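Trainee: Structure incoming, see below.
The values are calculated or read from the model by the stated rules, or taken from the named source; none is laboratory data. The structure presented is a predicted model; accordingly, all values stated were derived computationally and were not measured. Cβ coordinates were reconstructed from backbone atoms using ideal geometry, including for glycine residues, and neighbour counts include every protein chain displayed. Surface areas here come from the heavy atoms of the whole protein model, side chains and all, with no ligands, DNA or RNA. Shrake-Rupley method; radii C 1.70, N 1.55, O 1.52, S 1.80 Å.
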Amino acid sequence: MTLMLHNSLTREKQPFVPMDAARVTLYVCGPTVYNYAHIGNYRPAVAFDVLFRLLRRIYGADHVVYARNITDIEDKIITRALEEGVAIEAITGTYADAYHDDLTALNVLAPTIEPWATGHLADMVAMISALIERGHAYVTQSGVWFETASMADYGKLSGRRLDDNEAGARVEVREEKRNASDFALWKFAKPDEPEDAVFESPWGRGRPGWHIECSAMAQKHLGETIDIHGGGIDLQFPHHENEIAQSECAHGAPLANYWLHNGFLDMAGEKMSKSLGNVVLLKDLRETWPGEVIRFALLSGHYRAPLDWTEDLLSQAKTTLDRLYGALRRVWAEEGAEPRETGVFEALEDDLNTPKALAELARLASEANTAADRQDIEAMAEARANLIDAGALLGLLQSEPSAWEQRGNADENARIDALVKARETARANRDFAEADRIRDQLAGEGIDIMDGPGGSTWRRV
Ligand code: AMP
Ligand code: ZN
């Protein structure tokens, strides 16, 4: 089979054909770093991490270039910095760190490149200049605007025609704009704005619009035309539509050949969002659930479909992962076999069908259990290799089973380790009453001690 992807631009599932198989390019819009991100914000990061892993598997790790940006120039950041009376960098640094920390917990690979908007002012200015030169932008008292009417096929991604936008009157009509749907490429600074949010340009001091940031960063790192551009469905209009307008009018070439959009993460049928107030921060959720459980839950729905976030979804993810790691533990000792291509790979090739891929992973776990029941060493080794290899595509099952079973906070684990050691010492001293006392105490806490030739280990049951 070949990789099939649903392309929002053509509204069809299509075979994926990169322009250059030696350099496959992927751009995904990253976060605006002005607060702690909620679980919904991580849905695109995790979904496109699976795509990144799959592309690396197909084309080779060195042949995929993935850029996921950090938006560190944006009005919300300025508001936040003013509210707290701190520098812009203090805000963006804090929340970018928190974002990276969450991504590590979710086992999301670092992208090849992580461009920050503040590092690309010259690229943005160059692109805006090209747009003015080519007659696609104009300067007013408030800034530089993209003239949507200058692009014949403006609206092709979202299917909105210019007239719809104007009739809809959703876009604020400002006197100085020629059309309601025209959008800012550069906004002139207002008197009360912090100096560290103001940049120089040939047209006056100010800052770039959000859309031009992505267009410029994508071009700089990936080229004028990229293979795949991804993001949340809410970015399709206006953000991605406007990225297309800017890049295509500046370069005379398509911005991206494939556009992928993930659906919303919902709670009780509503989009999780700050404005609705129904958000669960990932950093808070991580206090209760391991990152891998959260990742599993995020992958349990197809990326294009809405995903309803519930406590039940998390506890099911936890139960399934316990079962998967349990199977992996039973075959863990049998190393050295080559993995085969599994149903997990095939499911992902079908427009990233992660629910099917997870079902296939469970099947591999059954194979491991059957092999272990029969003590078929060869089959056990194969099952181990397949589980780890298929798990790597999904970013799951990459810990040692014992580490999974012992997960928890470090102090707590150290206390249990010490008790297990004390029991071993008691046994060595033939103090079986003490050894049994410790075993019973730990059993009462739900901890099972496993004695083996190399000493004793433990797990939570
Ligand atoms: P925002 O902070 O709202 O600009 O969102 C940052 C990123 O998270 C964007 O890519 C959004 O598409 C995505 N996003 C925000 N809320 C959700 C949600 N409830 N479900 C899925 N993706 C979301
Ligand atoms: Zn973007």
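Trainee: On the basis of being within 16 Å of ligand 2 (Cβ to nearest atom) and open to solvent by 50 Å² or more (accessible area, probe 1.4 Å), does residue 69 make the cut?
Mentor: Values: within 16 Å of ligand 2 (Cβ to nearest atom): yes; open to solvent by 50 Å² or more (accessible area, probe 1.4 Å): no.
No: the conditions fail for residue 69.
Trainee: Follow-up question, since we're still on this one. Of the residues 301, 230, 291, 263, which single one is within 16 Å of ligand 2 (Cβ to nearest atom) and under 17 Å from the mean Cα position of the chain (by Cα)?
Mentor: The conditions single out 230.
Trainee: Condition check: closer than 19 Å to residue 137 by Cα, more than 14 Å from ligand 2 (Cβ to nearest atom) and either in the same structural domain as residue 157 (by TED's automatic domain parsing) or crowded, with 24+ Cβ neighbours inside 10 Å (or both). Does residue 214 satisfy that?
Mentor: It is false that residue 214 is closer than 19 Å to residue 137 by Cα, more than 14 Å from ligand 2 (Cβ to nearest atom) and either in the same structural domain as residue 157 (by TED's automatic domain parsing) or crowded, with 24+ Cβ neighbours inside 10 Å (or both).
Trainee: Name the helices (runs of 4 or more DSSP H) wholly within region 315-408 that hold at least 3 residues that are basic (Lys, Arg)?
Mentor: In region 315-408, the matching helices (runs of 4 or more DSSP H) lie at 354-374.
Trainee: Another question, if that's okay. For the structure I just gave you, tell me whether residue 32 is in contact with a strand residue (DSSP E or B) (Cβ under 9 Å, 6 or more places away or on another chain), at pLDDT 95 or above, near ligand 1 (Cβ under 8 Å from one of its atoms) and assigned by TED's automatic domain parsing to the domain that holds residue 160.
Mentor: Yes: the conditions hold for residue 32.
Trainee: Just the residues that are open to solvent by 10 Å² or more (accessible area, probe 1.4 Å), within 14 Å of ligand 1 (Cβ to nearest atom) and either over 24 Å from residue 288 (Cα atoms) or outside any helix (DSSP H, G or I) (or both), please, taken from region 35-63.
Mentor: Selection gives 35, 36, 37, 38.
Trainee: Quick one: is residue 159 at pLDDT below 95 and more than 22 Å from residue 209 (Cα to Cα)? Spell out the reasoning first.
Mentor: Values: at pLDDT below 95: yes; more than 22 Å from residue 209 (Cα to Cα): yes.
So residue 159 fits the description; yes.
Trainee: Still on this model: Mind checking whether some residue in region 243-254 is more than 16 Å from ligand 2 (Cβ to nearest atom), assigned by TED's automatic domain parsing to the domain that holds residue 211 and either modelled with pLDDT under 95 or part of a helix (DSSP H, G or I) (or both)?
Mentor: yes
Trainee: Residue 94: open to solvent by 50 Å² or more (accessible area, probe 1.4 Å), within 16 Å of ligand 1 (Cβ to nearest atom) and more than 20 Å from residue 232 (Cβ to Cβ), yes or no? Give the derivation first.
Mentor: Values: open to solvent by 50 Å² or more (accessible area, probe 1.4 Å): yes; within 16 Å of ligand 1 (Cβ to nearest atom): yes; more than 20 Å from residue 232 (Cβ to Cβ): yes.
Yes, satisfied.
Trainee: Any residue in region 225-245 that is of a type in the set (Ser, Thr, Tyr) sitting within a Cβ distance under 8 Å of a residue that is more than 10 Å from ligand 2 (Cβ to nearest atom) and in a strand (DSSP E or B)? List the pairs, counting only those 6 or more apart or interchain.
Mentor: Cβ pairs passing all conditions: 225/256; 225/257.
Trainee: Might you let me know whether region 175-182 holds any residue that is in the same structural domain as residue 241 (by TED's automatic domain parsing) and modelled with pLDDT under 70?
Mentor: Yes, region 175-182 contains a residue that is in the same structural domain as residue 241 (by TED's automatic domain parsing) and modelled with pLDDT under 70.
Trainee: Something else: From the list 282, 328, which residue is crowded, with 17+ Cβ neighbours inside 10 Å and within 28 Å of residue 231 (Cβ to Cβ)? Can you show your working first?
Mentor: Working: 328 fails: within 28 Å of residue 231 (Cβ to Cβ).
Result: 282 is the single residue among 282, 328 that is crowded, with 17+ Cβ neighbours inside 10 Å and within 28 Å of residue 231 (Cβ to Cβ).
Trainee: Filter region 255-272 down to residues that are part of a loop (DSSP other than H, G, I, E, B) and modelled with pLDDT of 95 or more and give me whichever is farthest from residue 298 (Cα to Cα).
Mentor: Only one residue fits best here, namely 255.
Trainee: Which residue pairs have Cβ atoms closer than 7 Å, lie 6 or more positions apart in sequence or on different chains, and pair a first residue in region 264-277 that is acidic (Asp, Glu) with a second residue that is more than 8 Å from ligand 1 (Cβ to nearest atom) and open to solvent by less than 60 Å² (accessible area, probe 1.4 Å)?
Mentor: Taking only residues 6 or more apart or on different chains, the pairs are 266/309; 270/278.
Trainee: Out of region 217-227, which residues are of a type in the set (Asp, Glu) and either open to solvent by less than 10 Å² (accessible area, probe 1.4 Å) or within 10 Å of ligand 2 (Cβ to nearest atom) (or both)?
Mentor: Once the filter is applied, which keeps residues that are of a type in the set (Asp, Glu) and either open to solvent by less than 10 Å² (accessible area, probe 1.4 Å) or within 10 Å of ligand 2 (Cβ to nearest atom) (or both), region 217-227 yields only 227.
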